[in-house]
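A.B. asks: One structure, pasted below without further comment.
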Amino acid sequence: MNHLDVLESESIYIFREAFSRIDKLAMLWSLGKDSNVMLWLARKAFFGHLPFPAMHIDTGNKFPEMYAFRDRYVTEWGLNFLSGTCPPVAEMDETLPPAARSAARKTAGLKTLLETHGFEGIFAGIRRDEEGTRAKERYFSPRGARGTWEIKDQPPEFWGQFNTTFPPGTHLRIHPLLHWTEIDIWRYTLRENIPTIPLYFARDGKRYRSLGDADITFPIDSTAGTIPEIIAELQTTRISERSGRAMDHEAEDAFERLRTAGYM
Amino acid sequence: MSVAEESLKVAIVGHVDHGKSTLVGRLFHDTGSLPEGKFEAIQAMCKRRGMPFEWAFLMDALQAERDQGVTIDTSQIWFRTAKRGYVIIDAPGHKEFLKNMVTGAAASDAALLLIDAEEGIKEQSRRHGYLLHLLGVRQVTVAVNKMDLVAYDRDRFATIERDYRVYLRELGVTPTHFIPISAREGDNIARPSEAMAWYQGPTVLQALDDFQVITQPDGLPLRFPVQDVYRFDERRIIAGRIETGILQVGDQLLFSPANRMGKVKSIEAWSVAAPPIQACAGESIGITLEEQIFVERGDVASHEVNPPIESDVFLARLFWLGDRDLTMGSRYTMKLNTAEVGVVVQSVDRVIDTGDLSTKGEVKVARNQVAEITLRADTMQALDAFTSSPPTGRFVLVDNYNIAGGGIISMEGYADQRNLVARQSSNIQRVEHDVTAENRESRNGHRGGVLWFTGLSGAGKSTVAVAVERRLFNLGYQTYVLDGDNVRHGLNGDLGFSPEDRAENIRRVGEVAALISRAGMLCITAFISPYRSDRDRARLAGGDGFAEIFIKADLATCERRDPKGLYKKARAGDIPDFTGISAPYEAPGAPDLVIDTATLTVEEAVERVVEYVQSRFAIYAKPVSE
């Protein structure tokens, strides 16, 4: 088994473990590169099937390319697709910095969708190498009744055994990509020929390294127009992946606050 | 920050404030691995708090961690040397957060253990060393940090090295290197220290490159625990991950503990060029079988040769993370491979002080303690001893929704019960007897039955059994005593004294006693029969007429009596696995009768048994012929 095989096998195991232990499951499908790898891995785990809905939390501020991608693959892959809407920014926590406040809409949209359908577990494609608080995550991460993350008291997780039972009112975030890195995602996307939104590829010296809402996401300087070029770029860069995501950088604890309140 | 291919996972462990997070920060800085702007961001964080530059802020991402200056949860960060990529796992050193240390360290291939040169070896220095061993992390390099605070004193380093090497040796761990460092000053991290010219060994960076990539040990037998069974379309796919060994299309698989056989028809996969014909350890796969046999989550598939052990009882060395103490009699859910089963703590055998490795005979295991316990599962399980197959020889216990402890399995003194349960042939029909049980009962005046005596050696089983036999005979009962002397020579002459042979010995006695009882007689058996599972099987064979009679006397009393001098020999080490001394005696949970020979005379004991027999087995009153 090579490195990608090991990562793939671990993710498949997590998908199957969640599917066996948790009744009502759904997957967050943000349409980004990680999300698409996650969806692919789920189909590997379940032999071509996706035995739960794929949910997209639509802020209304996504790039047109993202909506086009969504519409095409919902049909092509025959997904059980759910779309969630988000409340206006005026209803969000006023003490958050502007971009974080905008991003908080997604959390609110997610909560509504969870309550409507009564999901007990949702798959989210976060990775440890993205950001400091994500580096401290568990594969099976419990969230309180209101979606809150008890970051200072997480359950232990070792020897491939996960916490799969929880008190009533709790739901689970399941993170099948936690151990992947950005470059792993691209190598796997290349190997498996997984469809990708073209915004990741450089045009006029710029490309998006991470995709979010159009108003708070910015492209980086890059000439990488293909996946092998992106991989080559990542091997030498010292710029962090989420540097173009405004909400990460407004305040020291802005992202932690978003996440403990229920953001992915 | 990016990783090209394989990464080695290295945990940084040790006592709180011995500089683990600082070391990681320094390592990243000195190897040019910090993301752009990170150094400046840490500077700004420290400035806001009015404190000097703090490397630990690189990994201490939580606001609470930075405010309190302590690592709460484990974290991971990626970097690479010229040789290969690394995942650095920072583990908290505070006692409060041991569960987070375990979470981090269990995922690693190797560990770097830090000891503060000034403070010396502390509680968590030893506990972390012990836990690494228990978690299965076999490669350890020790770094003695803060050498700058002891003026780079060579003797100070030598003292700590000597003492900690002694501790590790007792665990059976040989550290790959011992390095004097100063994480804050950068001594022996990425560059050799000028201040410690007396040290000739590798830097931390070189020591990392010296660690070996862990590969699955070759040649382990196949273990494929069933995770789930899918039927999304016309295929019935058995899904799971191969933990050890190799599985091939066409293999005959044995599913334990159900003991069903099936032949691999295909290995299924989606979006691959060609369907695989074999799969190896670590692969998450799905298979179909030629036969439609019942298979469920928790079963373990193996080949017919070298199957897993089957047992409902085993010993475990366990670390406990639960808020509530683990005590004798506590019930938990055990997760073992993909099986989930109720277990009860049959006994707490020893609690181990990780400070000096001494053991205490305590009855409870508190949070963060390590102990040896005996666990009994509600049903038969397929398992392995940790030493023979680590991935399938360990388990976790769940208490109150959370994983609260982990343990590794030992079968020392306990038998593999596979052959004892698997032996029943299904195609044999019992011959209908013309003489019925009622015919026999009315002639004898009593029902047939088994009086199963159990107890320690010297408790008085044989003495009481022989006297009861005489009394019952005189009362007109058809009765016969089975003991070691009359079965070991003939019927069981082929059996030795291994745990499996001892279990087989008791199994045969149980079957013979059942036959004698069906012949209408009262069969009295006098065997230590120390294991509950063995006695339960005898009960199953004996049916309604079975009575478990606990001939009870405490160990001290039995040892004082020592009629055959066996205890003396056992204490001298001349008899291995002697019940009560070097092997367990599992007292009956709910015996039909208890005879306490420490307080009763032989005559009184006999009278109690006879009263019991009269009330349970007599059809009509017998004349007393004495």
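The values are calculated or read from the model by the stated rules, or taken from the named source; none is laboratory data. Owing to the predicted nature of the structure, the values given are computational and were not obtained by experimental measurement. Positions of Cβ are generated from backbone atoms using ideal geometry, with glycine treated the same way; all protein chains shown enter the neighbour counts. Just so you know, the surface numbers come from the protein's heavy atoms only, side chains and all, with ligands and any DNA or RNA stripped out. Shrake-Rupley method; radii C 1.70, N 1.55, O 1.52, S 1.80 Å.
A.B. asks: Kindly indicate whether A:Gly118 is modelled with pLDDT of 90 or more and more than 28 Å from B:Leu34 (Cα to Cα).
C.D. replies: Against the criterion (modelled with pLDDT of 90 or more and more than 28 Å from B:Leu34 (Cα to Cα)), A:Gly118 qualifies.
A.B. asks: For residues that are farther than 29 Å from B:Glu283 by Cα and surrounded by 18 or more Cβ atoms within 10 Å (Cβ to Cβ), tally how many sit in segment A:44-62.
C.D. replies: Matching residues across segment A:44-62 total 4.
A.B. asks: Looking at A:Glu157, A:Glu150, can you tell me which residue is within 30 Å of B:Leu98 (Cα to Cα), surrounded by fewer than 16 Cβ atoms within 10 Å (Cβ to Cβ) and touching a strand residue (DSSP E or B) at 6+ places or on another chain (Cβ under 9 Å)?
C.D. replies: Residue meeting the stated conditions: A:Glu150.
A.B. asks: Let me ask something additional. Quick one: how many residues across segment B:392-404 are under 11 Å from the mean Cα position of the chain (by Cα) and either surrounded by fewer than 21 Cβ atoms within 10 Å (Cβ to Cβ) or not aromatic (Phe, Trp, Tyr) (or both)?
C.D. replies: Adding up the residues that qualify gives 5.
A.B. asks: Let me confirm something: among B:Phe57, B:Phe53, which residue is among the aromatic types (Phe, Trp, Tyr) and outside any loop (DSSP other than H, G, I, E, B)?
C.D. replies: Sole residue among the options that is among the aromatic types (Phe, Trp, Tyr) and outside any loop (DSSP other than H, G, I, E, B): B:Phe57.
A.B. asks: Then there is this: Of the numbered conditions (1) at the interface with chain B (Cβ under 10 Å from one of its Cβ atoms); (2) assigned to a loop (DSSP other than H, G, I, E, B); (3) under 28 Å from A:Pro88 (Cα atoms), A:Ala214 fails exactly one; give the number of that condition.
C.D. replies: Going through the list (1) at the interface with chain B (Cβ under 10 Å from one of its Cβ atoms); (2) assigned to a loop (DSSP other than H, G, I, E, B); (3) under 28 Å from A:Pro88 (Cα atoms), A:Ala214 breaks only (1).
A.B. asks: If you don't mind, there's one more thing I want to ask. For A:Met1, state whether it is surrounded by fewer than 18 Cβ atoms within 10 Å (Cβ to Cβ) and either within 12 Å of chain B (Cβ to nearest Cβ) or not hydroxyl-bearing (Ser, Thr, Tyr) (or both).
C.D. replies: Yes: the conditions hold for A:Met1.
A.B. asks: Which pairs turn up if I take residues in segment B:318-335 that are more than 16 Å from B:Val351 (Cβ to Cβ) and in the same structural domain as B:Thr379 (by TED's automatic domain parsing) and look for partners that are loosely packed, with under 15 Cβ neighbours inside 10 Å and of a type outside the set (Asp, Glu) with beta carbon separation below 7 Å, at least 6 apart in sequence or on another chain?
C.D. replies: Every condition considered, the pairs that remain are B:Arg331/B:Gly342; B:Thr333/B:Gly342.
A.B. asks: A further question on this structure: For the structure I just gave you, tell me whether A:Leu172 is surrounded by 19 or more Cβ atoms within 10 Å (Cβ to Cβ), more than 7 Å from chain B (Cβ to nearest Cβ) and closer than 27 Å to B:Leu134 by Cα.
C.D. replies: Taking the combined requirement at face value, the residue does not satisfy it.
A.B. asks: Among B:Gly282, B:Gly240, which is within 12 Å of chain A (Cβ to nearest Cβ), assigned to a loop (DSSP other than H, G, I, E, B) and of a type outside the set (Asp, Glu)?
C.D. replies: Step by step, each of B:Gly282, B:Gly240 is checked, and only B:Gly282 is within 12 Å of chain A (Cβ to nearest Cβ), assigned to a loop (DSSP other than H, G, I, E, B) and of a type outside the set (Asp, Glu).
A.B. asks: Turning to a different aspect of this structure: Quick test of your reading of the structure: B:Tyr585 fulfils all but one of (1) aromatic (Phe, Trp, Tyr); (2) under 21 Å from B:Thr463 (Cβ atoms); (3) open to solvent by less than 40 Å² (accessible area, probe 1.4 Å). Name the failing condition by number.
C.D. replies: Result: B:Tyr585 passes all but (3).
A.B. asks: Just one of (1) touching a His at 6+ places or on another chain (Cβ under 9 Å); (2) surrounded by fewer than 24 Cβ atoms within 10 Å (Cβ to Cβ); (3) farther than 27 Å from B:Gln369 by Cβ trips up B:Leu58, so point out which.
C.D. replies: (2)
A.B. asks: Can we say B:Glu611 is at pLDDT 90 or above and assigned to a strand (DSSP E or B)?
C.D. replies: So B:Glu611 does not fit the description; no.
A.B. asks: Within 11 Å of chain A (Cβ to nearest Cβ), in contact with a strand residue (DSSP E or B) (Cβ under 8 Å, 6 or more places away or on another chain), under 27 Å from A:Thr260 (Cβ atoms) and touching a residue at least 24 places away in the same chain (Cβ under 8 Å): is that true of B:Leu58 in this structure?
C.D. replies: In short, yes.
A.B. asks: From (1) in a helix (DSSP H, G or I); (2) closer than 25 Å to B:Ala519 by Cβ, pick out the condition that doesn't hold for B:Ala547.
C.D. replies: Checking B:Ala547 against (1) in a helix (DSSP H, G or I); (2) closer than 25 Å to B:Ala519 by Cβ, the one that fails is (1).
A.B. asks: Against the conditions (1) open to solvent by 10 Å² or more (accessible area, probe 1.4 Å); (2) over 19 Å from B:Tyr167 (Cα atoms); (3) not in a loop (DSSP other than H, G, I, E, B), where does B:Asn100 fall short? Just the number, please.
C.D. replies: Failing condition for B:Asn100: (1).
A.B. asks: Still on this structure: Taking B:Gly545 as meeting all but one of (1) of a type outside the set (Ser, Thr, Tyr); (2) farther than 30 Å from B:Asp416 by Cα; (3) more than 35 Å from the chain's Cα centre (by Cα), write down the number of the exception.
C.D. replies: For B:Gly545, the failing item is (2).
A.B. asks: Something else now. Residue by residue through segment B:222-245, note down the ones that are over 20 Å from B:Leu336 (Cα atoms) and either among the hydroxyl-bearing types (Ser, Thr, Tyr) or surrounded by 17 or more Cβ atoms within 10 Å (Cβ to Cβ) (or both).
C.D. replies: Within segment B:222-245, B:Tyr230, B:Ile237 qualify.
A.B. asks: Could you say which residue among B:Leu131, B:Leu171, B:Leu113, B:Leu149 is open to solvent by less than 10 Å² (accessible area, probe 1.4 Å) and over 27 Å from B:Ala82 (Cα atoms)?
C.D. replies: Criteria check complete, one pass: B:Leu131.
A.B. asks: Identify, from the list B:Ala197, B:Ala207, the residue that is of a type in the set (A, V, I, L, M) and either in contact with a helix residue (DSSP H, G or I) (Cβ under 6 Å, 6 or more places away or on another chain) or open to solvent by 30 Å² or more (accessible area, probe 1.4 Å) (or both).
C.D. replies: The unique qualifying residue is B:Ala197.
A.B. asks: Okay, next question. Quick one: how many residues across segment B:122-164 are part of a loop (DSSP other than H, G, I, E, B) and either at pLDDT 95 or above or not β-branched (Val, Ile, Thr) (or both)?
C.D. replies: Final tally of qualifying residues: 7.
A.B. asks: Sticking with this one: Does B:Lys364 satisfy the criteria of being in contact (Cβ under 8 Å) with a residue 24 or more places away in the chain and farther than 30 Å from A:Leu4 by Cβ?
C.D. replies: Yes, satisfied.
A.B. asks: Ok, one more. I'm checking my understanding of the structure. Among residues of segment A:230-264 that are assigned to a helix (DSSP H, G or I) and surrounded by fewer than 16 Cβ atoms within 10 Å (Cβ to Cβ), which one is farthest from the other protein chains (Cβ to nearest Cβ)?
C.D. replies: Here the answer is A:Ala232.
A.B. asks: As an exercise: evaluate B:Gly484 against (1) out of contact with any helix residue (DSSP H, G or I) (no Cβ under 6 Å at 6 or more places or on another chain); (2) open to solvent by less than 40 Å² (accessible area, probe 1.4 Å); (3) within 30 Å of B:Leu134 (Cα to Cα); (4) at pLDDT below 90 and give the number of the one condition it does not meet.
C.D. replies: If we test B:Gly484 against (1) out of contact with any helix residue (DSSP H, G or I) (no Cβ under 6 Å at 6 or more places or on another chain); (2) open to solvent by less than 40 Å² (accessible area, probe 1.4 Å); (3) within 30 Å of B:Leu134 (Cα to Cα); (4) at pLDDT below 90, just (3) comes out false.
A.B. asks: Going by what's in this entry, would B:Arg507 be described as of a type in the set (Lys, Arg) and over 22 Å from B:Thr601 (Cβ atoms)?
C.D. replies: Against the criterion (of a type in the set (Lys, Arg) and over 22 Å from B:Thr601 (Cβ atoms)), B:Arg507 qualifies.
A.B. asks: Only one of these is touching a Pro at 6+ places or on another chain (Cβ under 9 Å), within 15 Å of A:Trp77 (Cα to Cα) and away from every other protein chain (no Cβ under 14 Å): A:Met38, A:Met55. Name it.
C.D. replies: The match here is A:Met38.
A.B. asks: Do any strands (runs of 3 or more DSSP E) entirely within segment B:286-370 hold 2 or more residues that are under 30 Å from B:Asp251 (Cβ atoms) and more than 14 Å from chain A (Cβ to nearest Cβ), and if so, which?
C.D. replies: In segment B:286-370, B:300-302, B:309-320 are the strands (runs of 3 or more DSSP E) which contain 2 or more residues that are under 30 Å from B:Asp251 (Cβ atoms) and more than 14 Å from chain A (Cβ to nearest Cβ).
A.B. asks: Can you tell me how many residues within segment B:366-391 are of a type in the set (Ser, Thr, Tyr), more than 28 Å from B:Gly282 (Cα to Cα) and open to solvent by 40 Å² or more (accessible area, probe 1.4 Å)?
C.D. replies: Total meeting the criteria: 0.
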